[in-house]
1. Can you name the residue in the stretch 14-28 that is under 19 Å from residue 55 (Cα atoms) and charged (D, E, K, R) and is also surrounded by the fewest Cβ atoms within 10 Å (Cβ to Cβ) among such residues?
2. Can you name the residue in the stretch 29-53 that is among the aliphatic types (A, V, I, L, M) and either surrounded by fewer than 11 Cβ atoms within 10 Å (Cβ to Cβ) or not in a helix (DSSP H, G or I) (or both) and, of all such residues, is modelled with the highest pLDDT?
3. Does residue 8 qualify as being part of a helix (DSSP H, G or I) and modelled with pLDDT under 90?
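The values are calculated or read from the model by the stated rules, or taken from the named source; none is laboratory data. Since the model is a prediction, treat every value here as computed from it, not as a measurement. Heads up, the Cβs are rebuilt from the backbone with ideal geometry, glycines too, and the neighbour counts pull from every protein chain shown.
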Amino acid sequence: MGRATAEPSVEAPADAVKPLYLQYAKLEEDYGLAKRAMWFYDQATKAVPNQEKLSLYEIYIARADLWRSKNERNL
């Protein structure tokens, strides 16, 4: 599944988008670009219902911290 097919498919009912965004973000983390994975997390925080936003922000922040620590140089 390519990126072109991923973006339109997340146009689903608000209560069903969270698992889709998380799967696409994981796919990008494993086989794509960190920047794209973070884009999916960002879009997910905008698309999910309010009661699910906190859990997504927690995931988003944790992943951002992980990617940042992987890319930091030791001085």
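1. By that ranking, first place goes to 15.
2. First, pick out the residues of the stretch 29-53 that are among the aliphatic types (A, V, I, L, M): 33-34, 37-38, 44, 47-48.
Next cut, either surrounded by fewer than 11 Cβ atoms within 10 Å (Cβ to Cβ) or not in a helix (DSSP H, G or I) (or both) only: 33, 48.
Working: 33: 85, 48: 91.
Of everything passing the filter in the stretch 29-53, 48 is modelled with the highest pLDDT.
3. Values: part of a helix (DSSP H, G or I): yes; modelled with pLDDT under 90: yes.
In short, yes.
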